[in-house]
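The structure appears below as structure tokens.
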Amino acid sequence: MTLREQLLAMAEPAYRDFNRSLLPGVERVIGIRLPQLRRIAREIARGDWRRWLAEAEELYFEERMLQGLVIGYARCPVDEWLEHVARFVPKIDNWAVCDCFCRKLRPAEREPMWGFVQPYFRSERPYEVRFAVVTALVNFIDEEHLDACLDRFEAIRLDHYYVRMGVAWAVSVCFVHFPERVGAWLRTCRLDDWTYNKALQKIAESLRVDASARQKIRAMRRPSVSKRGR
């Protein structure tokens, strides 16, 4: 039995329909839960994963997800790993594959990845930008990188729903970790109105932000929101 046949045999029709509702524009969904995909990816990563990646199919959402997970679990020198990352990023076509691919980095991967993602912040392809933003929020919201992250987020002008949502999410994470610095930045930042207000909403919804701070954040909402499509 091929891997695709195994995946098709694992399909849960109800879960497939649920997943499709969360993935606009993604048609070929089998319906397999993420823990099962992670288990399969770990098994592949323990074997000849390089050959598997070279031959991997990607007709279905889950097959692309598996490729990203295998790259994340694979053990190899950082330079080689970044080559696999570079080949995979153009295949990202939805938020779920993007966000699962953006894992917590190992110590040796951090600074090489920080340099690697810089061009993606300026990409015209939405999921490349989201890849950079989510990689940053997962790994680089720290004392050393905070100002640079905020600069990158503020400079993004790509008008795409999942890019703007990613930036809003990242800004809210920044605020949770550095409330005073990010609060001051929010008062003068050049985020577009929609992203700015969505970031405030996410901050106010966070259980890690106290009631007093939530009240101040809500008062910072901009009254006029740019209404732009996805």
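Read the figures in this text as sums done on the coordinates, not as results from a lab. Quick caveat: nothing in here was measured; it's all calculated off a predicted structure. Positions of Cβ are generated from backbone atoms using ideal geometry, with glycine treated the same way; all protein chains shown enter the neighbour counts.
Arranged from fewest to most other beta-carbon atoms within 10 Å of their beta carbon, Met10, Met113 become Met10, Met113.
Return the FRET efficiency for the residue pair Arg50, Asp151: r is the Cβ-Cβ distance, R0 is 41 Å, and the value is rounded to the nearest 0.05.
Numbers: r = 37 Å, r/R0 = 0.89.
Efficiency at R0 = 41 Å is approximately 0.65.
Rounded to 0.05, the FRET efficiency of the Cys76 and Leu34 pair, given R0 = 22 Å and the Cβ-Cβ distance, is 0.40.
Lysine pair count for the chain (Cα-Cα distance under 23 Å; residues 8 or more apart in sequence or on different chains): 6.
Please report the equivalent ellipsoid semi-axes of segment 148-230, computed as sqrt(5 x eigenvalue) of the Cα gyration tensor, largest first, in whole Å.
Working: eigenvalues 76, 38, 26 Å².
The equivalent ellipsoid of segment 148-230 has semi-axes of 20, 14, 11 Å.
A simple packing score, the average count of other Cβ atoms within 10 Å per residue, orders the peptides 101-110, 209-218 as 101-110, 209-218, with the highest score first. Test of understanding: in a Gaussian network model of the chain with alpha carbons linked when under 10 Å, which of Val182, Val85, Val26 would top the mean-square fluctuation ranking? Checking each option, the largest mean-square fluctuation is seen for Val26.
Could you tell me the relative contact order of segment 9-116? Use alpha-carbon pairs under 8 Å, at least six residues apart, and round to a whole percent. All intermediate terms of the calculation are to be shown ahead of the outcome.
Values: 94 pairs, mean separation 25.2, N = 108.
Rounded, it is 23 percent for segment 9-116.
Over the chain, calculate the relative contact order: mean separation of alpha carbon pairs under 8 Å at least 6 apart, over the residue count, as a percent. Show your work: numbers first, answer last.
On the way: 248 pairs, mean separation 27.5, N = 230.
For the chain, the relative contact order is 12 percent.
So what's the back-of-envelope 222 nm ellipticity for the chain, counting only DSSP H runs of four-plus at -39500 (n - 2.57) apiece and dividing by all residues, rounded to 500? Walk me through the intermediate numbers first.
Values: 14 runs with 152 residues, N = 230.
One gets -20000 deg cm²/dmol as the mean residue ellipticity at 222 nm.
Taking label positions 7 Å along the Cα-Cβ direction at both Asp210 and Leu23, the computed distance is 4.3 nm, reported to one decimal. How high is the relative contact order of segment 103-230? Use alpha-carbon pairs under 8 Å, at least six apart in sequence, and give a whole percent. Reported relative contact order: 22 percent. When the chain is treated as a GNM with alpha-carbon contacts under 10 Å, the residue of Tyr196, Tyr161, Tyr120 showing the greatest mean-square fluctuation is Tyr161.
Full extension of the chain between Asp159 and Glu83 yields a length gain of 24.5 nm, computed as 0.36 nm times the residue separation minus the alpha carbon distance.
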